[in-house]
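Here the structure comes first, spelled out in structure tokens, and everything after it is commentary.
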Amino acid sequence: MKSVRVRFAPSPTGGLHLGGVRTALFNYLFAKKNEGTFVLRVEDTDQTRFVEGAEQYIIDSLQWCHILPDEGPMKPGTYAPYRQSERKEIYKQYAEKLVAEGHAYYAFDTPEEIESMREKLKAEGKHQLQYGMETRHRMKNSLSLSKEETERLLAENAPHVIRIKVEKEEIISFNDMIRGPIEMNTNTVDDKVLLKADGMPTYHLAVVVDDYLMKITHAFRGEEWLPSAPVHVLLYKYLGWEKEMPQWAHLPLILKPDGNGKLSKRDGERLGFPVFPLEWNDPNKGLAKGFKELGFLPEAFINMLAMLGWNDGSEQEIFSLEELVEKFSIDRVHAHGAKFDYEKAKWFNHEWIKKLPVSDLAKRVKPILLNEGFEINDPQKLENIISLVKERCTLLTDFITQTSFFFKTPETVDFTGISSKWNENKNQFFIELIRAYELAVLWKHDDLENGFKELASVHQIKSGELLFAFRMMLVGGKFGPGVFDIATIIGKEETIKRIRIVLSTLEKSTF
RNA sequence: GGCGCGUUGGUCAAGGGGUUAAGACGCCUCCCUUUCACGGAGGAAUCACGGGUUCGAAUCCCGUACGUGCUACCA
């Protein structure tokens, strides 16, 4: 059996958005599952749209998600180079071969001439405005021109492209791993440009040549490529590579959450969620935050992406990369698009925060807290804090507000809940609590709680109201883990300090 | 316009001739918790429409509608 080689071939023009990462993920899963090779190749066939830094961005993104290519632009292997701009001569050679064998031709038309052809067709009431079997004889190309004229133009270096010559009334059929058998008539296929006037290939020529030369066995790409698949099948046929044609899978689209159409960067801005794995700074479109910066775990990110268009038929929803490799099967990928749901994406992250071992989670949370200016000197203390608050955190960045009171005295305290019910008795309770806590030798959770409750019954106050006030003193707001857990961690001195601060403020405002 | 692909609650979805049509997110109610979460128990909400085929259709076939993609010297 031939070993599996899949390729991920993004174009470095607009970063790498959700759909792109998912294609990469499915490629990776399929390759791993079959103990095959994952090839990363860069489709920079259009220099005018190439964005500087995008190639590195793609690599960084895939590394963040732990989809590490075995081969790629960073690690040239047997089939290098992987950048299409570096393979220019290879494509030209095959394009010329196709011309020589009568499957392609030179076309000398200017864009204006093509435009006027379309205008004319429109005027004639035609629906199909393509440069193809119906129109090529009216145009300026090596099929309509005499041999001498063609040679003269070529000798003069007249600008020209090479177009595929699509034959009439031919049924193209191929099998899609997701959609099953697909048939299309060549009559609706136009004579696509294969080699551009600048000598660069179009995508159509480049994929076919690269996949063949790099011995690709399985090719996954977005559904938007389905209509041009016949051109690629034709190229395999004309180049005599039919037996080497990879198996295709056209992945469904990821759609906007609210309306219609493919998810775009603008939708993210409009609806307030990221569409890029990492922060992406497009020189033309500006900065866009990524899932990483917003506090997503890569585990949750790929888990969420995998479930958008695939499931294993069971009720399981939380999968690690390893589990995905084990369970993945291409025939369970859906044929229809799925709307992206940011709420569900956050739910995945929440689940992963709860699932990850505390020590692992601490490593990822620590830099975020350090960046916030929190002082972390005791790793065990950090882990204790994290295990106390992790259920309350959906995003990694939530740990900032959920842990700040462990590191800093609250700057503002929400008094609205306590000041209205405040009285001298309660005031006296806390004064005595300070005294009792000052005398505490061991600073233990249960002792603190018992002491607190005994004192409350002495004062004949329901401990609920007091606990609420105590929480305000320690946390500053109506959230966080148990108050005695907090007191235990922040320590005697800090606990007493916080009670005093609030007490004096209340004294000023209430009495 | 032409061609392709698709259509199960608001969203992600299981199901592939006989089911009370799973489950998850979100929403609502209650329990737990004298906070916020976690957790637990419930609830509302679905087979796009019309024809066939069949004893029987969400499931198979055909139409229609709707959605979406392509229709560039972009990928």
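Restricting attention to region A:247-275, the residues being more than 10 Å from RNA strand B (Cβ to nearest atom) and part of a strand (DSSP E or B) number 4. If you go through region A:168-182 and keep only what is more than 7 Å from RNA strand B (Cβ to nearest atom), closer than 14 Å to A:Val233 by Cα and touching a Ser or Thr at 6+ places or on another chain (Cβ under 9 Å), you end up with A:Glu170, A:Ile171, A:Ile172, A:Pro181.
Note on region A:127-156: residues that are at pLDDT below 95 and open to solvent by 100 Å² or more (accessible area, probe 1.4 Å) total 4.
Could you tell me whether A:Thr412 is hydroxyl-bearing (Ser, Thr, Tyr) and at pLDDT 95 or above?
Working: hydroxyl-bearing (Ser, Thr, Tyr): yes; at pLDDT 95 or above: no.
Taking the combined requirement at face value, the residue does not satisfy it.
Scanning region A:226-246 for residues that are away from RNA strand B (no atom under 11 Å from the Cβ) and either on the phi > 0 side of the Ramachandran plot or among the hydroxyl-bearing types (Ser, Thr, Tyr) (or both) turns up A:Tyr236, A:Tyr238, A:Gly240.
Among A:Ile496, A:Ile489, A:Ile501, which is more than 9 Å from RNA strand B (Cβ to nearest atom) and open to solvent by less than 30 Å² (accessible area, probe 1.4 Å)? First the steps, then the outcome.
Numbers: A:Ile489 fails: open to solvent by less than 30 Å² (accessible area, probe 1.4 Å); A:Ile501 fails: open to solvent by less than 30 Å² (accessible area, probe 1.4 Å).
Step by step, each of A:Ile496, A:Ile489, A:Ile501 is checked, and only A:Ile496 is more than 9 Å from RNA strand B (Cβ to nearest atom) and open to solvent by less than 30 Å² (accessible area, probe 1.4 Å).
In this structure, does A:Gly295 turn out to be assigned to a loop (DSSP other than H, G, I, E, B), farther than 28 Å from A:Phe220 by Cα and open to solvent by 10 Å² or more (accessible area, probe 1.4 Å)? Criteria not met by A:Gly295. Before we move on, is A:Glu375 over 30 Å from A:Ile178 (Cβ atoms) and touching a helix residue (DSSP H, G or I) at 6+ places or on another chain (Cβ under 9 Å)? Yes; evaluated as a whole, the condition is true for this residue. Scanning region A:147-160 for residues that are out of contact with any Ser or Thr (no Cβ under 7 Å at 6 or more places or on another chain) and within 15 Å of A:Gly102 (Cα to Cα) gives a single hit, A:Lys147.
Residues that are more than 7 Å from RNA strand B (Cβ to nearest atom) and polar (S, T, N, Q) within region A:306-352 comprise A:Ser314, A:Gln316, A:Ser320, A:Ser329, A:Asn349, listed in sequence order.
Yes/no per residue for (1) touching a residue at least 60 places away in the same chain (Cβ under 8 Å); (2) over 15 Å from A:Lys492 (Cα atoms):
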site: A:Phe405; (1), (2): yes, no
site: A:Thr409; (1), (2): yes, no
site: A:Ser419; (1), (2): yes, yes
site: A:Leu448; (1), (2): no, no
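Of the residues making up region A:35-49, those that are more than 9 Å from RNA strand B (Cβ to nearest atom), in a loop (DSSP other than H, G, I, E, B) and open to solvent by less than 100 Å² (accessible area, probe 1.4 Å) are A:Gly36, A:Arg41. Residues in region A:137-167 that are touching a residue at least 40 places away in the same chain (Cβ under 8 Å) and within 12 Å of RNA strand B (Cβ to nearest atom): 7 in all.
Taking residues in region A:19-35 that are at negative phi, and partners anywhere that are in a helix (DSSP H, G or I) and open to solvent by 20 Å² or more (accessible area, probe 1.4 Å), the pairs with Cβ atoms closer than 6 Å and at least 6 places apart or on different chains are A:Leu29/A:Val325; A:Lys32/A:Val325; A:Lys33/A:Val325. Among the residues of region A:359-393, those identified as among the hydrophobic types (A, V, I, L, M, F, W, C), without any contact (Cβ under 8 Å) to a residue 60 or more places away in the chain and either within 23 Å of A:Lys344 (Cβ to Cβ) or open to solvent by less than 30 Å² (accessible area, probe 1.4 Å) (or both) are A:Leu361, A:Ala362, A:Val365, A:Leu369, A:Phe374, A:Leu382, A:Ile386, A:Cys393.
The values are calculated or read from the model by the stated rules, or taken from the named source; none is laboratory data. Just so it is clear, the structure is predicted and the values come from calculations on it, not from any experiment. Positions of Cβ are backbone-derived with ideal geometry, glycine not excepted, and every protein chain shown enters the neighbour counts. All accessible areas refer to the heavy atoms of the entire protein, side chains included, with ligands and DNA or RNA removed. Shrake-Rupley method; radii C 1.70, N 1.55, O 1.52, S 1.80 Å.
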